[in-house]
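The values are calculated or read from the model by the stated rules, or taken from the named source; none is laboratory data. Note that the structure is predicted; figures quoted are calculated from it, not measured. So basically every Cβ, Gly included, is an ideal-geometry build from the backbone, and we count neighbours across all protein chains shown.
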Amino acid sequence: MTAPRLYFVAAEASGDLLAREVIEAVKARQADVHISGIGGAEMASLGIVSPLDIAPLSVLGLLEGLKAYGTVVKLADVAADAIIADAPDAVILVDSWGFMLRVAQRVRARAPHIKLVKLIGPQVWATRPGRAKTLAETVDHLLCMHEIEAPFYEPFGLKTTVIGNPALSRHQWGNGEAFRATHGIPASAQVVLVLPGSRASEIKRVAPALVEAARIIKDSDPERTIVMAPAASVAAQFAESFPDVTEWATLSTNPAERYDAMAAADLALACSGTVTSELAMQGTPMIVAYKTGWVTWSLARGLLYKKRHITLLNIVSDDQEIVPEFVQTQQKPELIAARALQWLTDPEALADQRAEQQIALSRMKEGDRDAAEIAAEVILEEAGA
């Protein structure tokens, strides 16, 4: 039997990381597998040369999506051409609903014999359940994070495997002491970590409020250490947008010390996203902020989004607020800073928050096996290995 050929497609930072993890798990199972793909720095670290730059694909929001539509369509065409030329047995489409759907439709139309596996599906349990039917008509297998997703796809006959939340499978505990030592932060100092996002739109809309809140926190006690940790994908944009931040805060842009920074922090101010699950894994109390375009928000709240909260830890807690959220009009630096200072000046309150997050985290766990390992097994089966 010839070695299977796989093609991974990731369009943004979190998907790129997950793709790398799954590729490593696939190779651990079958070393002779041939893997090509489209992705970013994480996949490149495995020697995979992407035929296109994924940076323009990291967009969020209706207006942003409309503005980028032409680019997305062109890149979907380029991606489909690259996939067809590679002639894989299976294509693994990681997250990023809009772009991946277009790629899948193009590959299916031109090469229906190629197996299509969607790694992480759209949040049909929270918004737009009609996407379940669309996905079922387009791909062969869905690898989803939570048991609550599977029933949405059953009526349409889509094979669905629950792999669990990848962020909970990483088992990478940060070394807070090492981070403090590297950056000259005293063991006794309170550390506030700011995670301003991984998309250009988040640096534009969310980062200003988080940075200003951190400045208020710093001004209230100059002995506190503020650590700014933008994702590598937006580090340059962050530095350009906040050129003076290093005058009063420590800047960390090295992905290798990401979890160390989380473990070192007494509190985190975070842009909503995968990072919230990672912070919970490290036992770091957090406050979440988010802001998107008003057209997008109005549609989401009026027509599409069914939940009160946006943070997964809150959603799995019966849609109750475990992690404070400051969203849209509530995303104000003074409000965020005030909540942070309540905790920073009350060690018992910080400990209570950490405990509440751990309870919520336990509700997110689906089993003992790593998400990447389960995904690798299914992918190889679909590829006929």
Selected residue (criterion: surrounded by the most Cβ atoms within 10 Å (Cβ to Cβ)) from residues of segment 111-147 that are assigned to a helix (DSSP H, G or I) and touching a helix residue (DSSP H, G or I) at 6+ places or on another chain (Cβ under 6 Å): ALA132
Is it the case that VAL275 is assigned by TED's automatic domain parsing to the domain that holds CYS144 and either in contact with a Leu (Cβ under 9 Å, 6 or more places away or on another chain) or at pLDDT 95 or above (or both)? no
Please go through segment 18-42 and give me each residue that is hydrophobic (A, V, I, L, M, F, W, C) and either touching a Ser or Thr at 6+ places or on another chain (Cβ under 7 Å) or surrounded by fewer than 23 Cβ atoms within 10 Å (Cβ to Cβ) (or both), ordered by number. ALA25, ALA28, ALA31, VAL33, ILE35, ILE38, ALA41
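Every residue, every condition in (1) modelled with pLDDT under 95; (2) in a loop (DSSP other than H, G, I, E, B); (3) not assigned by TED's automatic domain parsing to the domain that holds PRO222, yes or no:
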site: GLU154; (1), (2), (3): yes, no, yes
site: ALA181; (1), (2), (3): no, no, no
site: ILE185; (1), (2), (3): no, yes, no
site: ALA189; (1), (2), (3): no, yes, no
site: GLY197; (1), (2), (3): yes, yes, no
site: LYS204; (1), (2), (3): yes, no, no
site: LEU210; (1), (2), (3): no, no, no
Neighbours by Cβ (under 9 Å, 6+ apart or cross-chain): first from segment 320-335, on the phi > 0 side of the Ramachandran plot; second outside any loop (DSSP other than H, G, I, E, B): GLN328/TYR290; GLN328/TRP294; GLN328/TRP297; GLN328/ARG301
Contacts under 6 angstrom Cβ, first residue in segment 1-26 being under 15 Å from ILE38 (Cα atoms), partner of a type in the set (Asp, Glu) and assigned to a loop (DSSP other than H, G, I, E, B), 6 or more apart: ARG5/ASP89; GLY15/ASP95
In segment 38-59, what residues are within 11 Å of ASP16 (Cα to Cα) and not in a helix (DSSP H, G or I)? ILE38, GLY39, GLY40, SER45, ILE54
So in segment 335-385, with the set limited to residues that are β-branched (Val, Ile, Thr), assigned to a helix (DSSP H, G or I) and modelled with pLDDT of 90 or more, which one is nearest to PRO112 (Cα to Cα)? ILE379
Please find, among GLY174, GLY121, the residue that is touching a strand residue (DSSP E or B) at 6+ places or on another chain (Cβ under 7 Å) and either polar (S, T, N, Q) or modelled with pLDDT of 85 or more (or both). GLY121
May I ask you to list the residues in segment 212-234 that are among the polar types (S, T, N, Q), surrounded by 16 or more Cβ atoms within 10 Å (Cβ to Cβ) and part of a helix (DSSP H, G or I)? SER233
Would you tally the residues in segment 235-254 being in a helix (DSSP H, G or I) and touching a residue at least 40 places away in the same chain (Cβ under 8 Å)? 1
From the residues in segment 254-268 that are out of contact with any Phe, Trp or Tyr (no Cβ under 8 Å at 6 or more places or on another chain) and within 19 Å of SER233 (Cα to Cα), which one is surrounded by the most Cβ atoms within 10 Å (Cβ to Cβ)? MET262
Go through the residues of segment 271-284 one by one and say whether even a single one is assigned to a loop (DSSP other than H, G, I, E, B), of a type in the set (Val, Ile, Thr) and more than 21 Å from ALA55 (Cα to Cα). yes
Just wondering, is there one or more residues in segment 205-214 that are among the β-branched types (Val, Ile, Thr), more than 16 Å from the chain's Cα centre (by Cα) and over 30 Å from ILE374 (Cβ atoms)? yes
Residues of segment 53-85 that turn out to be more than 22 Å from LEU142 (Cα to Cα), at pLDDT 85 or above and either β-branched (Val, Ile, Thr) or surrounded by fewer than 18 Cβ atoms within 10 Å (Cβ to Cβ) (or both), as a count: 8
